[in-house]
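See below for the structure under consideration.
The values are calculated or read from the model by the stated rules, or taken from the named source; none is laboratory data. Source: prediction; values computed, not measured. Note that each Cβ is placed from the backbone with ideal geometry, even for glycine, and that neighbours are counted across all protein chains shown. The accessibility values were calculated without ligands, DNA or RNA, using every heavy atom of the protein model including side chains. Shrake-Rupley method; radii C 1.70, N 1.55, O 1.52, S 1.80 Å.
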Amino acid sequence: MAKKRFVLSGYFGFRNFGDEAILSVLVKKLKEYGHKVTVLSSDPAYTKSKFKYIRSVNMFKLSDVLWNISKTDFVISGGGSLLQDVTSLKSLLYYLFIIFSGLVLGKKVIIFAQGIGPINTSIGRFLTSILLKRCVYVSVRDIKSFELLKSWGINAELLCDPIFSTKVPEVEKQNKIAVQLRDCKNMNEDFIDRLALAVTNKFSDKMIEIYSFQDSIDLEVCKKFEKAVKLLNSDVKTKIYTGLTDEETISNLATSEYIIAMRFHALIVGLISEVRVLGINYDIKVEKLSNEFGFPLIQLNKRFGNEFELLEDQDLDVIKAKLMLKDFNWDSFLKIINQG
């Protein structure tokens with residue numbers, strides 16, 4: 001395969017575990033073939049420190065962004081949930097601008113393993129549809145995204161999230177439960193107190209490990225949860241984890257007996273690590289994952305039912321059988337690159 005140049009666009013540099021893990025998978029695959037990689041990042045120094053032999057430029061310095069796109073062969077947008085306007089229309093327009101710039105400058109643009117939507121604005125849907133029709137290859141990570149693009153007349157390949165193919169070390173489960181939280185629209189003191197009460201009642205005999213995946217969004221909520229647990233039972237052992245590497249996060253979570261998590265990739269790590277998981281439904285992607293794998297889901301604005309009983313009773317063999325169908329397929333991606 002001839003050596004190519006790539007510009008990668010995504011939610012990179014924000015120290016969010018899931019997006020950084022996807023970037024690691026993608027960079028590793030491209031460097032495996034000796035390609036040259038430039039990452040658009042909110043923190044280029046941080047991104048360069050994670051990888052050998054890549055370049056990184058500030059994603060918000062548009063002159064540098066456009067110069068690098070002009071010199072590349074491919075622009076890759078993804079993975080994750082970039083093309084949605086629930087976070088903000090501004091965010092959607094930024095990622096569409098990168099795609100547009102690649103197309104206008106005559107580059108081959110790839111949409112990589114994304115979850116598309118929700119896109120609630122008509123201008124957002126129109127621009128996304130127009131631009132994605134002009135990309136050389138589009139892949140999505142869930143059936144709803146696939147069906148949405150199909151309804152727009154866009155031929156996409158349905159793949160799993162790349163993190164499903166992460167190799168998890170074989171580790172012994174320890175007497176602990178992992179709780180991963182983040183701030184969001186419906187996160188409030190009432191929910192934190194209810195969750196702390198439920199966790200303390202069920203798992204007071206276990207170490208409670210609390211994970212901040214992105215400190216700017218997660219850490220304050222994690223601290224409030226730990227405080228709520230301690231107020232209920234000062235004898236319960238707790239620890240907040242922050243600033244872990246991708247590898248440390250995965251290996252730590254894999255040793256848990258149970259994982260209660262909000263973030264999509266925390267739940268995926270639990271599934272592939274054969275840990276019983278309970279999701280907290282803050283986003284449609286979490287609900288989709290729950291529907292696919294059958295793990296219980298609690299709502300932020302509703303009283304708990306029997307979700308914690310379902311957590312303990314989960315059949316890991318059923319989940320393991322579903323995971324057998326989740327090996328990430330690079331064939332079409334590599335074929336497009338080779339042709340280019």
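Here is how the numbers come out for the structure above:
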{"item": "Residue selected from the stretch 226-244 under the condition among the aliphatic types (A, V, I, L, M) and open to solvent by less than 50 Å² (accessible area, probe 1.4 Å), by the criterion nearest to D193 (Cα to Cα)", "result": "A228"}
{"item": "Residue within the stretch 245-254 that is in contact (Cβ under 8 Å) with a residue 12 or more places away in the chain, assigned to a loop (DSSP other than H, G, I, E, B) and either of a type in the set (V, I, T) or out of contact with any Pro (no Cβ under 8 Å at 6 or more places or on another chain) (or both) present", "result": "no"}
{"item": "Test: residue in the stretch 269-283 that is in contact with an Asp or Glu (Cβ under 9 Å, 6 or more places away or on another chain), part of a loop (DSSP other than H, G, I, E, B) and at pLDDT 95 or above", "result": "yes"}
{"item": "Hits in the stretch 52-93 (condition: open to solvent by less than 50 Å² (accessible area, probe 1.4 Å), over 25 Å from K29 (Cβ atoms) and either out of contact with any Gly (no Cβ under 6 Å at 6 or more places or on another chain) or assigned to a helix (DSSP H, G or I) (or both))", "result": "S88, S91, L92"}
{"item": "Those residues of the stretch 291-313 which are free of Cβ contacts under 8 Å to residues at least 12 places away in the same chain and touching a Leu at 6+ places or on another chain (Cβ under 9 Å), in sequence order", "result": "N291"}
{"item": "Residues being free of Cβ contacts under 8 Å to residues at least 60 places away in the same chain, in contact with a helix residue (DSSP H, G or I) (Cβ under 9 Å, 6 or more places away or on another chain) and either over 20 Å from S63 (Cβ atoms) or among the polar types (S, T, N, Q) (or both) - total across the stretch 13-32", "result": "3"}
{"item": "Condition check for L149: crowded, with 21+ Cβ neighbours inside 10 Å and more than 22 Å from D19 (Cα to Cα)", "result": "yes"}
{"item": "Matching option when the condition is under 28 Å from T87 (Cβ atoms), touching a residue at least 12 places away in the same chain (Cβ under 8 Å) and touching a Gly at 6+ places or on another chain (Cβ under 8 Å), among F264, F333", "result": "F264"}
{"item": "Where F191 falls short, out of the listed (1) open to solvent by less than 70 Å² (accessible area, probe 1.4 Å); (2) touching a residue at least 40 places away in the same chain (Cβ under 8 Å); (3) in contact with a helix residue (DSSP H, G or I) (Cβ under 9 Å, 6 or more places away or on another chain)", "result": "(3)"}
{"item": "Residue within the stretch 211-232 that is in contact with a Leu (Cβ under 9 Å, 6 or more places away or on another chain), under 16 Å from Y258 (Cα atoms) and either modelled with pLDDT under 95 or not small (G, A, S) (or both) present", "result": "yes"}
{"item": "Pick from the stretch 303-338, criterion farther than 25 Å from V138 by Cβ and aromatic (F, W, Y), ranking: least open to solvent (accessible area, probe 1.4 Å)", "result": "F308"}
{"item": "Output for the stretch 194-208, where each listed residue is of a type in the set (G, A, S), at pLDDT 95 or above and open to solvent by 10 Å² or more (accessible area, probe 1.4 Å)", "result": "A198"}
{"item": "Matching option when the condition is in contact with a strand residue (DSSP E or B) (Cβ under 8 Å, 6 or more places away or on another chain) and in contact (Cβ under 8 Å) with a residue 60 or more places away in the chain, among V136, V109", "result": "V136"}
{"item": "Filter result (assigned to a loop (DSSP other than H, G, I, E, B) and closer than 19 Å to I272 by Cβ) within the stretch 152-168", "result": "L159, C160, D161, T166, K167, V168"}
{"item": "Enumeration of residues in the stretch 172-183 that are part of a loop (DSSP other than H, G, I, E, B) and open to solvent by less than 30 Å² (accessible area, probe 1.4 Å)", "result": "L181"}
{"item": "Candidate set from the stretch 209-225 (those that are in contact with a Phe, Trp or Tyr (Cβ under 8 Å, 6 or more places away or on another chain) and surrounded by 19 or more Cβ atoms within 10 Å (Cβ to Cβ)); member that is nearest to K176 (Cα to Cα)", "result": "E209"}
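Listed here are the residues, each with its yes/no results for (1) modelled with pLDDT under 95; (2) closer than 20 Å to V104 by Cα.
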| residue | (1), (2) |
| --- | --- |
| F6 | no, yes |
| G10 | no, yes |
| R15 | yes, no |
| V27 | no, no |
| N58 | no, no |
| I69 | no, yes |
| D73 | no, yes |
| G79 | yes, no |
